[in-house]
1. Just give me the residues in the stretch 428-446 being β-branched (Val, Ile, Thr) and open to solvent by less than 20 Å² (accessible area, probe 1.4 Å), in sequence order.
2. Within the stretch 651-685, can you find the residues that are farther than 19 Å from Thr701 by Cα, open to solvent by less than 20 Å² (accessible area, probe 1.4 Å) and assigned to a strand (DSSP E or B)?
3. Does at least one position in the stretch 479-491 carry a residue that is small (Gly, Ala, Ser) and surrounded by fewer than 17 Cβ atoms within 10 Å (Cβ to Cβ)?
4. State all residues of the stretch 253-295 that are open to solvent by 30 Å² or more (accessible area, probe 1.4 Å) and either of a type in the set (Lys, Arg) or farther than 20 Å from Leu357 by Cβ (or both); if no residue qualifies, say none.
5. Just to check your reading of the model, which residue among Leu648, Leu581 is closer than 23 Å to Ile519 by Cβ and either free of Cβ contacts under 8 Å to residues at least 40 places away in the same chain or within 37 Å of the chain's Cα centre (by Cα) (or both)?
6. Being in contact (Cβ under 8 Å) with a residue 12 or more places away in the chain and over 19 Å from Pro81 (Cα atoms) is the filter here; which residues of the stretch 651-664 pass it?
7. Just one of (1) within 30 Å of Leu428 (Cβ to Cβ); (2) among the small types (Gly, Ala, Ser); (3) within 22 Å of the chain's Cα centre (by Cα); (4) open to solvent by less than 10 Å² (accessible area, probe 1.4 Å) trips up Gly75, so point out which.
8. How many of the residues in the stretch 447-457 are part of a helix (DSSP H, G or I) and open to solvent by 10 Å² or more (accessible area, probe 1.4 Å)?
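The values are calculated or read from the model by the stated rules, or taken from the named source; none is laboratory data. Owing to the predicted nature of the structure, the values given are computational and were not obtained by experimental measurement. Here Cβ is always computed from backbone atoms with ideal geometry, including for glycine, and neighbour counts include all displayed protein chains. Calculation scope for accessible area: heavy atoms of the full protein, side chains included, ligands and nucleic acids excluded. Shrake-Rupley method; radii C 1.70, N 1.55, O 1.52, S 1.80 Å.
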Amino acid sequence: MTNVYRDMQNVIVKVGSLIKSPHSLLINCHFDTVMNSPGASDDGAGCAVMMEILRVIAKSEKILRHNIIFLFNGGEENFMPASHGFITQHKWAKEIRAFINLEACGAGGREILFQAGPSHPWIMETYSEEVPYPFASTLAQEIFQSGVIPGDTDFRIFRDFGNLSGLDFAWSSNGYVYHSEYDSLEQIPLGSLQRTGDNILALAIGMTQGHQLSNVEQYKSGNLVFFDFLGAFVVRWSMGAADLINILSVIFSVYSLYTNAKRAEVSDYLSKKTYCRKVLGCVGCVVSSWISALLGCLAIAFFLNGFGVTMSWYANPVWIFFLYVIPTYIASILTIYLHASYFNKDLILSPWTLFQLYFDAYQLLWTICLALGVIARIRSSFIALIWVIAATVENLVKSYIYGKWRDSKWLLLHIGVMGLPFVQGFYLTISALYLFIPLTGRAGAGSYAEFLIAIMTSLQFCMLLCFAVPVILLVQKVKKVFSLLMGIFLVSIAVLLLTPLGFPYSGNPNSPAPQRFMIIHSERIYHDAQGRMNNRTYGYWIVDMDINSPHSVDNYVPEMKNAIAIDQDCHDYLYCGLPYLVPVLNMLRKTHWIAAPSPPKTMPLNMTLKNRENIPHGERLYIEIEGANHIGVMMSPVFGVTLKQWSLESKQPLAGPIWNGRNTYFIYYTYGLNPVPFNFYIDFEVPSNHSGPLMDFAVTTHHLFGKNKKSEPLEKIVQQFPSWTTVTAWTAIYKSWLI
C-alpha cells in the first residue's frame, strides 16, 4: 500500500557528548498502541526501558564519546509514519549512524534479536561482546524477513529511508496478549524488564563508546552469521569465515563417511561400493520416513478438522506432543524398521552396523543441506552445521579411539555427542513454536492453523529426532515400543474427542489465551457509472481471525448463528465491497456478514471528483476525500486503462492484490486530531478507442476511537461474548463508484 500521513507526533531527547561529537546512536520505541489495548508490552515497556536508560546515562559521570538520541515515536501502529517523519525530516536524523529498535510481539520473556544489519558486522560484534544475557539468531531474522510472520517494525523505516544499520529487539513470549485488552502491566514480568534494561543499556554504552560510529562506512562491508547457544553466549563469524567452516565441515564429514565404509569392509566384510550403495538406499528411506511422517500428521489434522476439534494446542501447547510429535516418531521409526527388515535383509550384519548405515544416511543428508546452504548463501545453515560437526566427531572418535561400533561406550558417546545439537535444536524449536502458536489466533481463518502446526511440528521433529530414530534397530522388543507409542496417541485422541480438555481458549486473567474477534458495524453504499446510488446495506462485518470463527460463540451470541460467508461480493466489488482498514485481503479473505440496523450518524465520508482534464495519451482526475482520520482509498483500472502516476510523494504507484484479473491500488491516509481533506490527482493512460468508466473506485473511513466508535447495538453484542474471547469493534463506512 501507499501510506500518506500528516500531523504525527514524536517526543525526542538527545544526550549530547561533552566532546561535541557529530555522530549519534538512535534508540527507538513507540508510545502509541492499537485500539482496545493498554499497550503495556507493545510498546509501553520498551519506552519505560528507554526512560530508565536515559536517566542512568544522564546521571552517569562517564563521558560519552558519541551522542544518543532517544526517539519516543507516536505512530508505529499506524504503519510507522512517525518514525518515517523523523528519519526523513528532522534535523538530527542526519547525524545518526546506527540504531536500536525496541518492539514486542508478546509480553515478557527474553528480548530476541531478530533483525540485524544490513551489513555493518561491527554492530553484532558489539552486541556479542557487551550484552550480558544474549538471545539472537540469524534464523529468526531470515524467518521474519521472509514474510511468514505477519508484521513490520520501525526497523524497516530506518533501514530503507534512513539508509541505516541497526538491531531490532522484541519480546516474543505470551503472544496471546499482543494487541488485546490483556496487554496490561500485570502480564509483564519484572525480570523481563530488568533483563532487557541491562542488555540495552550495556549495548548502548558499548556502541557509543566504540570508535566505529565515527566512520561507519569503513566498517560497512560484510554480513555475520550469529546465534546464541542456549542463551549463554553468542557464536558469531563473518560470511567468509562461515563459508570456510561450512566447506571444511562438508569435507571432513565426507571423509568420516568414507572411513566408515572402509571399516565396514574390515569388520563386516562389506565392500566399500556395497556400503555406499546401501547408505544411498538408506538416504531414500530417511526421506521416505519424513514424507510418511508429514502425510500422517496432515491426515491427523484433516481428521481433527472434520470433527471440528481444532487448535486444541492453542492454550495448551502440550497437545502438540501427543497429536503430532509422537506420530512423527512412530512414522519415522516404522519406516526405518520396515526398510531394514525387507531391503537390507540380504546383508548378514550386526544391529550395530545396521544402525551405522542409517546414521550415516542422516549425516549425509545434513551434509547435503549444509552444502546447499553454502551455495544459496543461507546464513541459518548453522543448524545443519551443528549436526554435521557432531556426527563427524562421533564417527571419527568411534573409528580412531574406540576402534569398534558395538559396545556400551559407543552408546554413551552417541548420546553425549549427538545430545548437543539435539538440545540446541530443541531450544530453537520450542522458541519457534511458542512464537508461532499465538500467531495462529490472529492469522485469519484462511491460514488453516491445524495444518500449519502439523506441518511445522512434523518437519521440525523429523530433523530433531534424527539421532534417536535409528536406535530402534538396536531394540529387541520393537513391538512393545510401537504398542506403547500407539497407545499413548490413541488415548490422547479419545481424550480430545470425548472430554473438554481440548478446548482451545482460556479466559484465565493470569494466563489468558483468548479467541480474537473483530467486528465492524458497517454501512456500504454502491454507485453506478452515472453516480447514482444503486445499493445500500448495513450490517456487522465479522473478520474471522482464526479457523474456529465465528460459530464458536453461537451459544453465547445468538446473532452469530445468522452469519453468512462473504463470497460473491469479493467477485462483484472492489475489496469485497467491505471497509478493509489495510490491504490484508489475502490474509483475511474469509469473513462473514450479519444484517443489522444502520450505524450511528458519524463524520460523513465524502468523495468529490473536482476536475477531469485531458493529458497526452490519457486523462488526469483530481479527487478530494473527507472523512474520519483513518481513510482507505482503493482503485482498480478497467482492462486497457493503465494507472501511470499520481501526485503523491511516491510517484510510482504500488500495485496490490489482483482482482478479477486487474491490478488494484490501496492508499492509506491518516491525520492527527484536526480534519484535513485528502487531495490528490491520478494520471491514467487511456486507449484512443476507449469508452466508459476508467476504474472502480472505493473509499472507506474508520472511527477507531471517540463517541462514534461503537453503536449501541454493537455494544450490546460485544457484551454477550464469553470471558475466553477478546473483541475489537468499531464503526466504518464503505462507498464505491464507477468513474
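1. Thr429, Ile437, Thr440
2. If the condition is that a residue be farther than 19 Å from Thr701 by Cα, open to solvent by less than 20 Å² (accessible area, probe 1.4 Å) and assigned to a strand (DSSP E or B), then Ile682, Asp683, Phe684 are the ones that fit.
3. Within the stretch 479-491, the subset small (Gly, Ala, Ser) is 483, 487.
From the residues that got through so far, the ones that are surrounded by fewer than 17 Cβ atoms within 10 Å (Cβ to Cβ) too are 483, 487.
Yes, the stretch 479-491 has at least one match.
4. Answer for the stretch 253-295, where residues must be open to solvent by 30 Å² or more (accessible area, probe 1.4 Å) and either of a type in the set (Lys, Arg) or farther than 20 Å from Leu357 by Cβ (or both): Lys262, Arg263, Lys272, Lys273, Arg277, Leu294, Leu295.
5. Working: Leu648 fails: closer than 23 Å to Ile519 by Cβ.
From the options Leu648, Leu581, the qualifying one is Leu581.
6. Across the stretch 651-664, the qualifying residues are Gly656, Pro657, Trp659, Asn660, Gly661, Arg662, Asn663, Thr664.
7. Condition not satisfied by Gly75: (1).
8. So the answer is 5.
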